[in-house]
1. Using the Karplus equation 6.51 cos²θ - 1.76 cosθ + 1.60 (θ = phi - 60°), what ³J(HN,Hα) coupling, rounded to whole Hz, does each residue of the range A:205-220 give in order, writing x for Gly and Pro?
2. Please compute, over every Cα-Cα pair in the protein assembly as shown, the percentage with a separation greater than 42 angstrom.
3. Let me know the shape class of the range B:44-87, please: from the alpha-carbon gyration tensor, a ≥ b ≥ c as square roots of the eigenvalues, rounded when a/c is under 1.5, otherwise prolate if a/b is greater than b/c, or oblate.
4. With a Förster radius of 41 Å, plug the Cβ-Cβ distance of B:Leu11 and A:Gln176 into 1/(1 + (r/R0)^6) and report the FRET value to the nearest 0.05.
5. Looking at the P(r) of the range B:36-110, how many percent of alpha-carbon pairs lie beyond 21 Å?
6. Can you list residues whose amide H is under 5 Å from A:Val57's amide H, if they're 5+ apart or on another chain and H is modeled 1.01 Å from N?
7. Check the straight Cα-Cα distances from A:Lys48 and name the lysines below 17 Å, setting aside those fewer than 8 residues away within the same chain.
8. Using each residue's phi in the range A:46-62, evaluate 6.51 cos²θ - 1.76 cosθ + 1.60 at θ = phi - 60° and report the 3J(HN,Hα) Karplus result to the nearest Hz, with x for Gly and Pro.
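Nothing in this text is a laboratory measurement; each read-out follows from the coordinates by a stated rule. Computed from a predicted structure; not experimentally measured. Counting neighbours? That spans all protein chains shown, and the Cβs are built from the backbone with ideal geometry, glycine included.
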Amino acid sequence: MQQSLKKSNHQLADTLIQLEVLNQATQQGSQFPAFTQKLRGLNLFPLKPTHLDIFQVNVGKMCNQVCKHCHVDAGPDRKEIMTRATMQQCLTAIAASSVRTVDITGGAPEMNPDFRWFVEEISKLGREIIVRCNLTIIVANKKYHDLPAFYKTHNVHVISSLPYFSAMRTDAQRGQGVFEDSIKALKMLNAVGYGQEGSDLILDLVYNPSGAFLPARQAGLELEFKKKLKAGFGVDFNNLFAITNLPISRFLDYLIQSNNYETYMEKLVMAFNPAAAANVMCRNTLSVGWDGYLYDCDFNQMLELKVSPSAPQHISAFNEAALNNRNIVLNQHCYGCTAGAGSSCGGTTA
Amino acid sequence: MEKTYYNPQDLKKFGNISEFSPGLAEKFFSYYGEVFAEGELTAREKSLIALAVAHTVQCPYCIDAYTVDSLEKGSTEGQMMEAIHVAAAIRGGASLVHGVQMMNKVKEIVM
Ligand code: SF4
Ligand code: SF4
């Protein structure tokens, strides 16, 4: 199995090197315009949160897959996972906040031994719960087979990645056999009521391009996915989110290895969309790392760019008012959120 | 002189054709933009047609551009290859159908 960048001692495992790459001059010696400058031109700099709506918790980098594009650099060889004590600090913060949705991600969040406890506790707080489930975890081991039933019990909104409705593109990105296992898992979710007409159990899918190109129109893709997954496999789901790959971590490595980095960055910069810039997800989201540190989004988390020191940087010192007043930390990877129709954990934004 | 006639970097300079004839270039690009807009054919279908035509006129710039564009419009590899087969079939067929003309001529002059 492929190793994470960290395990293989890859130089891009060092986030400072990633930031260096993102800010270096092109081969022609020119510089991509600074993302902050673009926002300045729109009177959006410094970028401020609008309100805190989504509390995204990354419960660990451990995963059963090693997807080529993974911005978390997740995999079975990553051992960093959130402890129950840190989860408890998250619960205290959520209870005291105006957060509407708790979005649990990873890695494969289900591999954290305290995952189910955490979901049960959030459920008691009466907030919407999203779990970003990679699908294959459901069939990876017997102990996970009842996840669909568990999700149903807590009315969890399941969001799952399926880069394409074909095995060829899905497996190229996510690993051999992933498409087949994902279809099995989708059927298990459908069987308990997820994605079914008239059911309030929501199953959304995430599409992201399998390479150095931008996603197609979300609405068109959704129709195509629905048609193909229904006709080919009898699978149903609710919404499709089209997400742009951000040039960080393993996707950055892919871009460099395949000699696509500059063309891709140029594409993102050229496709800068002011409407998407006003709606970037960091304005209503807070991201918590496995060790309790706070970030503006999951991407900043993976680049180790903590929230501005003007606000508390750790969940143990959570303070909604101070966080709402912070300046969001930006860098060149942010172009991934503002290209074309825009991109967020909930799909397009413009 | 360049070592090759085709330089991928030149594709980005397409707009520069306006330098020598701004008026015509403007007309062309505005027409071009409208042709590819969503219409009775979807933008995705138009991109596939463009990809097939690009292979017929064998323009490396257009092949690059409409390969990326087709992917970004959500086409599959299979659909893209089928589009090229359509171009190839018409190309091949166009040669072969002239076989009838050849046969006509043969029959005209051979006993
Ligand atoms: S993209 Fe998701 S499923 Fe794939 S390795 Fe990363 S965390 Fe795991
Ligand atoms: S990468 Fe994060 S901080 Fe940058 S614009 Fe996107 S959501 Fe905001």
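1. Rounded to whole hertz, the list is 10, 10, 9, 9, x, 8, x, 8, 9, 7, x, 6, 4, 4, 5, x.
2. 22 percent
3. Verdict is oblate for the range B:44-87.
4. It comes out at approximately 0.70.
5. Of all Cα-Cα pairs in the range B:36-110, 39 percent lie more than 21 Å apart.
6. Close amide H contacts, sequence-distant or interchain: A:Asp103, A:Ile104, A:Thr105, A:Val288.
7. Of all the lysines, those that pass the test against A:Lys48 - Cα under 17 Å, at least 8 places apart if same chain - are A:Lys38, A:Lys306.
8. Values, residue by residue: x, 7, 10, x, 8, 6, 8, 10, 10, 10, 9, 10, 8, 7, x, 8, 6 Hz.
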